[in-house]
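To start, the structure itself, in C-alpha cells.
Readers should treat all values here as calculations from the given coordinates under stated rules, not as data from a laboratory. A quick note: this is a predicted structure, and the numbers were derived from the prediction, not measured. Counting neighbours? That spans all protein chains shown, and the Cβs are built from the backbone with ideal geometry, glycine included.
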Ligand code: HEM
C-alpha cells in the first residue's frame, strides 16, 4: 500500500485481497457487531443518564452521572467533608452509584420522617450487609415479623438482664487496662495510635458479654483481627457481585468464620443451660428463655394447668445453633464499629480535658467510698450523673453512626415536592441533628454540663445517635452503661496522655468515625 491512496480499498494491490470470497463478509460482520455493540453502549449511557435525571427530579445532586458507576471510586474511600458538603447542599441531596440511586436527608425532621416511616422504608444497613449477615437475618425482617422477632430479644437487654453480664465487662476492662499499661511500658511511654487497641477491647467486651467463656481467648483475638475485613467490606454501595479477592470477598470469609464460632458457642450454652447453669452472658439468657418457653408449651400441650405467673413474658420457639449465631452476630455487627468509635473519642476527649476527667474520677471514687476495687453494679452506674453526661456528650459531639441507610420499598412521598422511587436507598443523617445550634447551643464545643445544667436532655427529637422508630438501637442502654463503666474504671486506675496532631480533630470515616491520626496515647498506672 502506498501513501498516495486515501482508502485501502482503492489500492490496486489490496483490493483483490479484500474482495476475496468470504473475507468481505467477515469484515462486514465484524463491523456490524462492533457497530451494534457501540450503539448499545451509547443507548445504555443515555438510558443511565436519563434514569438518573428522572429519579433526581428537584433533588440537589450532580448535573451528570459518570456513566454507570457514578462516584463509585469516591464512595470506596469516603471523606467526612464530602458528606458534610452533601448535608450543607440541601435538605435532600442525591447521588447515583452503579444501579443504586441514593438520597441523603440532612435535616432532623426529614431524618426523623424516614426513621418513622416503616410503611415506606426498611433498613438496608449497607449493600454488603445482606451478603455478610445473610438475607434471612432478622435485622432485614420487616413490619410485624420484625416487631415479633425483636420482642423475643428485648428481654436480653433489660436492666435486670444487663446486670447479669456486668461481671464480664469488669473482667474485660481489668484485662485490657493491664494490657494497655504493659504496652505503654514496653513502648517506653511513646505515644502510639490507640484506635486498634480500643477496637480489640470492644471486640472482647462484646464477645464476653454475648457468649461468655464459651469462646477461648485465641478466638476472640482472631475475631478482633479479622473484624477489620468485615468493616472494610461495609462500603455504602459495593460492586453488585462478590468477586474473589475483593474487600467483600474477604469480609464474607471473615463473617462466615465468626458465624461458625458463635454456632459452637450456642451448642455449649444449650448444654450448660439444660444442665441448670446460671446465666453468664446474653446467649445463656436467650437459651434459657427458649428452654422456659419449651417447658411451658409442653405443659400446655399436655393440658396441665399453668399459673399465669409461670407464663414466660414472650413464648419463644426453639432456635437452631446457627440461628442463634446469626442473631448474636448482628449484635457484634451493630456494636463493634460504633462502640470502638465511641471509646476512641471518649479517651481522646478525656485526655484533652483533664478538668472533666478529674470530675469523672472524683465521682467514681466517691460512689465507691474511695475504694476503686468496688465492682460495677447497676446501682452504682445509676448514681454517676456526671459520668453519664460525659458519655452522652461524647456521643452527641462525635456520633459514631453518622448516617443510617434505608431501602425504599414503595414510592415514598417524603415532602410535598419529592417522591423517592421504590428501590432507592434513602439515608437519614444523625450528625446534623446532633450539631444543630438551636438544640445544642455552641454545638461544636464539648460540654458535658449541657446535660446537667443545660437543656440538652430536653432535645429528645435531636437525639438520633441510636436512631428512632421501630429499628432504634436495641443495645443503646447496654452501650451507654458499658462506656460509663469503662471510663469510670479507667479514670481511677490509669493516667493517660494524648499527643495532639493537626489531624486529631479531623474525622476519618471507616464505617463509623475516628480521629484521622487514630488517637496517639500512652498510659501509666495511677500512683
Ligand atoms: C455507641 C454505640 C452504638 C451506637 C451509636 C448505635 C447506633 C445504632 C443506630 C443508629 C442504629 C439504627 C437505628 C435505626 O435504624 O433507627 C442501631 C441499630 C441497632 N443496634 Fe446499635 N448502636 C450502638 C451499640 C449497639 C450495641 C452494643 C448493640 C448490641 C449489643 C447494638 C445493637 C443494635 C441492633 C440489633 C440494631 C438493629 C435494631 C433493629 O433493626 O431492630 N447497638 N444502632
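When 245, 64 are ordered from fewest to most other Cβ atoms inside 10 Å of their Cβ, what list results?
245, 64
Sort the range 138-232 into rounded, prolate or oblate with this rule: let a ≥ b ≥ c be the square roots of the eigenvalues of the Cα gyration tensor; rounded if a/c is under 1.5, and if a/c is not under 1.5, prolate when a/b is larger than b/c, oblate otherwise.
Verdict is prolate for the range 138-232.
Using only the Cα atoms of the range 72-525, build the gyration tensor, take square roots of its eigenvalues as a ≥ b ≥ c, and label the shape rounded, prolate or oblate: rounded if a/c is under 1.5, else prolate if a/b is larger than b/c, else oblate.
Rounded, since a/c falls under 1.5.
Checking the a/c ratio against 1.5 first, then a/b against b/c, what shape does the Cα gyration tensor give for the range 85-149?
In terms of gyration-tensor shape, oblate.
Ranked by Cβ crowding within 10 angstrom, fewest neighbours first, how are 209, 499, 468 ordered?
Fewest-to-most ranking of 209, 499, 468: 499, 468, 209.
If I fit a long axis through the Cα atoms of helix 321-352 and take the longest principal axis of the Cα atoms of the chain, what angle between them do I get, 0 to 90°, rounded to 10?
Long axis of 321-352 versus the principal axis of the chain: about 80 degrees.
Where does helix 159-186 land angle-wise versus the long Cα axis of the chain, in degrees 0 to 90, nearest 10?
Tilt relative to the chain: about 80 degrees.
If neighbour count is taken as other Cβ atoms inside 10 Å, put 242, 324 in order from fewest to most.
Exposure proxy ranking, most exposed first: 242, 324.
Could you tell me how far the Cα centroid of the range 118-146 sits from the Cα centroid of the range 175-249, in Å?
Cα centroid to Cα centroid, the span is 25 Å.
As I understand it, the value is the acute angle between the Cα axis of helix 282-301 and the longest principal axis of the Cα atoms of the chain; what does it come to in degrees, rounded to 10?
80 degrees
Tell me the mean residue ellipticity at 222 nm calculated for the chain from its helices only (DSSP H runs of n ≥ 4, each -39500 (n - 2.57), averaged over every residue, nearest 500).
After summing the helix terms and dividing by residue count, I get -17000 deg cm²/dmol.
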